[in-house]
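Notes for the one structure printed next.
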Amino acid sequence: MSFWIVNTLNGLSLAMVLFVLSAGLTLVFGLMQIINMAHGSFYLLGGYIALSVIQASGSFLAGLVTACVAVMLLGAGIQRLMLQRLHKQELPQSLLTLGLLFIIADVAFWLWGGNAQLVPKPAVLEGAMTILGVGYPVYRVAIIGMGLFVAVLLWLLLERTRVGALVRAGMDDEEMVRAMGINIPLIFTGMFAFGAGLAALGGVLGGPLLGMFPGADFEVALLAFVVVTVGGLGSVRGAFLGSLLVGLVDNFGAAWFPQFSLFTVIVPMVIVLAIRPTGLAGRA
Amino acid sequence: MDPIRMARASGRGEGLLRPMPVAGGAILVMVVLAVVAFLPAYQTELVTQMLIYAIFAMSLDLLVGYTGLPSLGHSAYFGLAAYATALLALKLALPFWLAAALGLACAVIGAFLFNLLALRTARAYYLMITLALSQVLWSLVVSWTDVTGGDNGLPGIARPVLGIRLDGAGVWLVFVALVFAVSTLVMWTLVRSPFGYALRGIRENEERMKALGYNVWRYKLLVSMVAAFFAGVAGILFLSLNSFVGPQALSIALSAQVLLMVLVGAAGTLFGSIFGAVAFVLLQNVVSSWTERWLFVVGAVYVLFALFAPAGALVWVRERLRSSRGRSR
């Protein structure tokens with residue numbers, strides 16, 4: 001019994017980190033058709049910046065806020081100065097974001113070195129609690145809560161605010177939104193920055209669990225790609241479903257078939273795509 | 001249509017490539033002879049690497065540039081052929097040429113199976129699913145340690161014998177150059193055949209091609225298998241160059257690298273892929289001998305290309321030539 005509880009909770013906490021990360025990727029794609037290869041780099045930067053700020057200030061919250069704001073600014077700059085010039089040109093966009101992936105990976109390696117480092121947990125969330133008679137780390141439970149919180153917040157933002165309505169309109173018919181005199185380039189920049197911020201948040205939340213190391217950007221971006229492909233590109237609901245599937249399968253897969261770790265994640269994805277090529281919640 | 005797309009649509013594949021296969025062959029022969037005669041073994045191997053990557057990049061260009069299928073999993077066929085060949089040669093002790101032929105068959109069959117799935121999708125989805133499928137192979141190879149050696153890979157595959165032993169760096173380069181020449185000629189002929197024009201039609205307007213009665217799906221499947229074949233050729237040459245194959249041969253990093261070669265050179269021109277491959281090997285080796293920050297430099301080059309020559313170096317050069325000619329008139 002404790003096997004099921006622990007692995008389900010582990011799976012859920014991983015799923016929530018993945019959700020926060022993938023939500024940014026899928027929103028940016030849904031609005032701008034950009035597959036951001038450097039999305040994992042934003043995750044890595046978020047984790048590393050938080051790490052340094054926490055080490056300097058001792059405050060997890062300060063680290064979280066600094067990391068998200070810094071990466072959002074970086075994202076806004078990248079979108080304004082670079083990606084905006086390549087609107088709707090998929091191949092140059094891939095070239096650009098792959099280039100950024102290399103650059104950020106190298107800068108991160110230069111600044112933070114090659115060793116794996118765990119982002120410190122907030123002091124309040126240290127220790128363990130008892131769930132259904134099983135001892136379990138508080139921090140992981142907090143992550144599950146945090147992920148659900150972000151999910152609700154995103155839903156409210158997209159479905160219940162004017163900005164959200166504009167974003168949804170932009171996803172459906174960009175030309176029409178433009179014609180109505182709405183400043184869509186501003187929405188694009190904002191959304192790209194927001195997506196980058198979500199990736200950074202994923203890095204800060206996931207940092208204490210997964211650690212930050214050279215190559216973490218690639219590793220986690222791959223899982224995020226699996227998530228959004230399973231869920232359907234452009235759909236936040238899909239990203240949520242996909243994250244749950246990938247998080248749980250990854251954990252139980254690792255428990256049952258330890259030598260086939262990544263394989264167990266990708267096979268369900270291939271099956272989903274064989275049945276529904278646009279993903280669980282994707283539009284045709 | 002935006003001007004870049006128009007420029008690409010109107011002139012892609014022609015223009016700079018017209019300097020006939022004969023001239024290209026002559027240049028190749030001279031370069032190879034000069035390298036073999038004057039350069040030490042290390043540089044000779046670099047040139048060999050360039051030619052191998054060039055075959056690999058051209059094969060991807062058939063998909064990305066000519067058919068409009070943005071694959072980010074092309075290393076699957078490169079690695080599949082290399083691993084199959086190595087396993088057959090090592091575990092079953094098959095002669096190299098037989099193992100290589102079966103390895104190529106594996107790559108083509110792999111492409112057939114993968115594309116049954118991948119071709120259900122298009123554009124961004126195609127990119128994602130090709131990436132994921134190649135990752136299936138990668139993770140299989142990394143985890144199935146008993147057979148594939150896991151992260152350690154498979155060392156100890158001797159270079160083949162072809163009348164004489166192809167052991168020395170110089171002899172090996174001559175052999176690779178021959179394979180390169182034949183591969184280039186075959187692909188060059190292919191993109192100039194009615195089949196090649198149908199591929200370009202699919203890239204420009206898939207719906208219209210369907211309406212014209214083309215079985216688009218079959219064309220895509222076929223070109224995927226051709227591309228996998230040549231990716232496999234490159235993979236096997238690479239295996240023999242290093243007498244080794246490891247999981248890197250199936251990695252996303254390699255898929256991304258080869259995609260970057262195609263894009264930097266100019267997608268939709270085979271010659272651009274050759275340029276991209278040469279530039280990549282040069283850049284990697286020259287910059288890494290200057291500075292430890294070579295990843296940064298390489299990344300910056302890609303960013304600059306994306307911003308200032310988004311259609312690739314060749315198209316950029318052609319546009320400059322055209323506009324300077326326009327001014328002088």
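Readers should treat all values here as calculations from the given coordinates under stated rules, not as data from a laboratory. Just so it is clear, the structure is predicted and the values come from calculations on it, not from any experiment. Cβ atoms come from the backbone with ideal geometry, glycine included; neighbour counts cover every protein chain shown.
Considering the Cα trace of region B:192-319, what is its radius of gyration and what is Dmax, both in angstroms?
Final numbers for Rg and Dmax: 17.4, 55 Å.
Just grab the label-to-label distance for residue B:189 and residue B:292, each label 7 Å out from Cα along the Cβ direction, in nm (one decimal).
Modelled inter-label distance: 5.2 nm.
Work out which GluC sites (Glu not before Pro) in chain B are exposed loop sites (DSSP not H, G, I, E or B, at most 13 other Cβ within 10 Å) and give the longest gap free of them.
The segment B:15-291 is the longest one with no such site.
Percent relative contact order of chain B, based on C-alpha pairs within less than 8 angstrom and at least six residues apart? Each step should come with its number before you reach the end.
Numbers: 453 pairs, mean separation 105.7, N = 329.
In percent, rounded to a whole number, it is 32.
Computed FRET efficiency, Cβ-Cβ of residue A:179 and residue A:275, R0 30 Å: what is it to the nearest 0.05?
On the way: r = 38 Å, r/R0 = 1.27.
In this case the efficiency is close to 0.20.
Just want to confirm a number: the relative contact order over chain A, from Cα pairs under 8 angstrom separated by 6+ residues, in percent.
On the way: 443 pairs, mean separation 103.8, N = 284.
Across chain A, relative contact order equals 37 percent.
Regarding the protein assembly as shown, what is the average projected area of its C-alpha convex hull, in nm²?
30.6 nm²
May I ask you to derive the FRET efficiency for residue A:156 and residue B:308 from their Cβ-Cβ distance with R0 = 41 Å, giving the value to the nearest 0.05?
According to the calculation, E is roughly 0.50.
Using only Cα positions of region A:2-275, each an equal point scatterer, no hydration layer, compute I(q)/I(0) via Debye at q = 0.10, 0.17 Å⁻¹ and quote the log10 values to two decimals.
For the requested q values the scattering log ratios are -0.50, -1.41.
Can you compute the charge dipole magnitude of region B:191-241 about its Cα centre, using +1 on each Lys and Arg Cβ and -1 on each Asp and Glu Cβ, nothing else charged? Give it in debye, rounded to the nearest 20.
Value, rounded to 20: 100 debye.
Whole Å is fine, so just give me how far the alpha carbon centre of region A:253-284 lies from that of region A:34-78.
29 Å
Among the helices of chain A (complete DSSP H runs), which have Cα atoms covering no less than 18 Å along the helix axis and a Kyte-Doolittle mean of at least -1.0? Write out the running numbers ahead of the final one.
Numbers: long enough: A:2-32 (44 Å, 1.76); A:39-57 (27 Å, 0.95); A:60-81 (31 Å, 1.85); A:90-112 (32 Å, 1.44); A:138-160 (32 Å, 1.80); A:184-210 (37 Å, 1.73); A:216-231 (22 Å, 1.97); A:236-256 (29 Å, 1.14); A:261-275 (23 Å, 2.75).
Qualifying helices, which must be both long enough and hydrophobic enough, are A:2-32, A:39-57, A:60-81, A:90-112, A:138-160, A:184-210, A:216-231, A:236-256, A:261-275.
Could you point to the residue in B:310, B:256, B:214 farthest towards the positive end of chain B's charge dipole, with +1 and -1 charges on the Cβ of Lys/Arg and Asp/Glu respectively?
Of B:310, B:256, B:214, it is B:214.
Kindly provide the helix-only [θ] at 222 nm of chain B, computed as the sum of -39,500 (n - 2.57) over DSSP H runs of four or more divided by all residues, to the nearest 500 deg cm²/dmol?
It lands at -25000 deg cm²/dmol.
Going by how many other Cβ atoms sit within 10 Å of their own, how do B:151, B:61, A:217 line up, fewest first?
Least to most surrounded, the residues fall as B:151, A:217, B:61.
Which of A:227, B:278 has the fewest other C-beta atoms within 10 Å, and how do the rest follow up to the most?
With the sparsest Cβ surroundings first, the list reads B:278, A:227.
Can you tell which of B:28, A:8, B:125 lies farthest toward the positive end of the dipole of the protein assembly as shown, using +1 and -1 charges on the Cβ of basic and acidic side chains (Lys, Arg; Asp, Glu)?
Toward the positive end, the furthest listed residue is B:28.
At 7 Å along Cα-to-Cβ for each site, give me the label-to-label distance between residue A:172 and residue B:158 in nm.
7.0 nm
Is there a quick way to get the dipole size of the protein assembly as shown? I mean about its Cα centre, with the Cβ of Lys and Arg at +1 and of Asp and Glu at -1; what is the value in debye to the nearest 20?
1620 debye
Could you check how many percent of all C-alpha pairs in region B:79-222 are farther apart than 27 Å?
Counting every Cα pair in region B:79-222, those more than 27 Å apart make up 41 percent.
From the Cα gyration tensor of region A:114-218, with a ≥ b ≥ c the square roots of its eigenvalues, which class applies: rounded if a/c is under 1.5, or else prolate if a/b is larger than b/c, or else oblate? It would help to have the intermediate numbers written out before the result.
Details: a/c = 4.11, a/b = 1.97, b/c = 2.09.
Since a/c reaches 1.5 but b/c is at least a/b, the shape of region A:114-218 is classed as oblate.
When the dipole is taken about the Cα centre of chain B, and only Lys, Arg (+1) and Asp, Glu (-1) are charged at their Cβ, what size is it in debye, to the nearest 20?
Taking the Cα centre of chain B as origin, the dipole is about 1200 debye.
In chain B, which whole DSSP H runs stretch at least 27 Å along their own axis (Cα) and average 1.0 or higher on the Kyte-Doolittle scale?
B:96-118, B:123-143, B:169-192, B:216-242, B:270-290
Ranked by Cβ crowding within 10 angstrom, fewest neighbours first, how are B:91, B:220 ordered?
B:91, B:220
Expressed as a whole number of Å, what is the distance separating the alpha-carbon centroids of region B:109-159 and region B:33-49?
32 Å
Name all residues of region B:64-97 having a backbone nitrogen under 19 Å from the label point set 7 Å from the Cα of residue B:316 along its Cα→Cβ direction, giving them as ranges.
Counting backbone N atoms under 19 Å from the label point, the list is B:65.
On alpha-carbon atoms, Rg over Rh for chain B using Kirkwood Rh?
0.97
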